[in-house]
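The values are calculated or read from the model by the stated rules, or taken from the named source; none is laboratory data. As the structure is a computational prediction, the values presented were derived from the model and not from experiment. Glycine also receives a Cβ, built like all others from the backbone with ideal geometry; neighbour counts cover every protein chain displayed.
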Amino acid sequence: MKGKLMWLVAVLTMNLLVSFSVSGQIEFPEDKVHWKFSIKQDGEDATIIGEITMEDGWHIYAANLPDGVFILPTTVDLEKSPNYKTIGGVIEPKPIFEHDEMADEDLYYHSHKVFLKRKIKVTSEKDFTLKGTFGFQTCDDTHCLSPFSTDFTVEVKGVKEEVEKPTDENEVDFAEVNGDEAQDKDGNNYILVDGEWLMVPEGNTVKFYKKYIQLGGNHEK
C-alpha cells in the first residue's frame with residue numbers, strides 16, 4: 001500500500017508540471033482525445049451520447065472503477081435541472097484490463113473510440129439546453145497528461161402532455177384544446193372533468209362553470 005501511495009504522489013506531482021513529448025513539444029490532453037456529444041430522444045426518454053476518440057497509443061480510464069483503485073475515472077456529469085431527471089450513472093462498454101507491475105496497480109481503460117452514455121427522463125414541456133461536463137485523464141505507455149475537463153451542451157425537445165379526447169359516439173371535434181379546457185368549431189366551450197368533456201351551458205363562463213362543478217353541481221347530459 002505504501003508503494004502505491006508513493007507512486008500516486010509521484011504521478012500527481014508529474015501532472016502539475018507541463019508535459020513534454022520526446023521531441024520537446026508541449027502536449028495537451030485535448031490534442032490526444034477528441035469528443036462529440038449528441039442526444040437520442042424518444043419522447044420523455046432520452047440518452048446523452050458522447051463519442052470519444054483517442055489518438056493511437058493514448059487511452060482514458062474507465063468511468064466505473066472498482067473500489068480501491070487510484071486512477072482517475074472518466075466523468076460525464078449533467079448539470080442539475082428541473083427540466084429532467086437523471087437515470088443511473090455513466091453507461092460504458094467493458095474496459096480493457098491491465099495490471100501495472102511496476103506500480104502494482106490494476107488499470108481499467110478505453111482506447112481508440114468509445115461511446116459513453118447518460119440516460120435522462122424529460123419533465124419539461126418546453127425545449128431546453130442541457131449542460132454537462134466531460135472530464136478525463138489521458139495516458140500512453142510512458143506518461144500521463146494533466147487531468148482535463150470541458151463543458152458541452154445538447155438541445156433537448158420538451159414533452160407536452162397530450163389530453164385524450166372522447167372516443168364514444170358523442171365525440172366532439174375540437175378546434176382548440178388547452179389543458180382541461182377546449183372549444184369546438186362552433187365556439188362552444190368545454191371543460192374536462194374526471195376524464196369526460198362537459199360542455200359549458202350557454203350564458204356561463206368557463207371559470208364559473210368549473211367552480212360550479214367543483215362544488216358538486218350537476219351537469220345535465
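For the range 24-41, the condition holds for at least one residue, the condition being that it is hydrophobic (A, V, I, L, M, F, W, C), closer than 16 Å to THR138 by Cα and at pLDDT below 95. Of the residues making up the range 176-191, those that are free of Cβ contacts under 8 Å to residues at least 12 places away in the same chain and over 40 Å from the mean Cα position of the chain (by Cα) are ASP186, GLY187.
For the subset of the range 189-221 comprising residues that are in a helix (DSSP H, G or I) and of a type in the set (Ser, Thr, Tyr), which member is surrounded by the most Cβ atoms within 10 Å (Cβ to Cβ)?
Going residue by residue through the range 189-221, those that are in a helix (DSSP H, G or I) are 206-214.
Still in the list and also of a type in the set (Ser, Thr, Tyr): 209, 212.
Values: TYR209: 21, TYR212: 15.
Restricting to residues being in a helix (DSSP H, G or I) and of a type in the set (Ser, Thr, Tyr), the top hit is TYR209.
When residues in the range 107-133 are screened for being hydroxyl-bearing (Ser, Thr, Tyr) and touching a residue at least 60 places away in the same chain (Cβ under 8 Å), 1 of them pass.
Number of residues in the range 106-135 that are in a strand (DSSP E or B) and within 18 Å of the chain's Cα centre (by Cα): the value is 17. Residue pairs whose Cβ atoms lie under 7 Å apart, sitting 6 or more positions apart in sequence or on different chains, and linking a residue in the range 64-81 that is without any contact (Cβ under 8 Å) to a residue 60 or more places away in the chain and closer than 18 Å to GLN137 by Cα to a partner that is among the aliphatic types (A, V, I, L, M) and outside any loop (DSSP other than H, G, I, E, B), are ASN64/VAL90; VAL76/VAL90; VAL76/LEU116.
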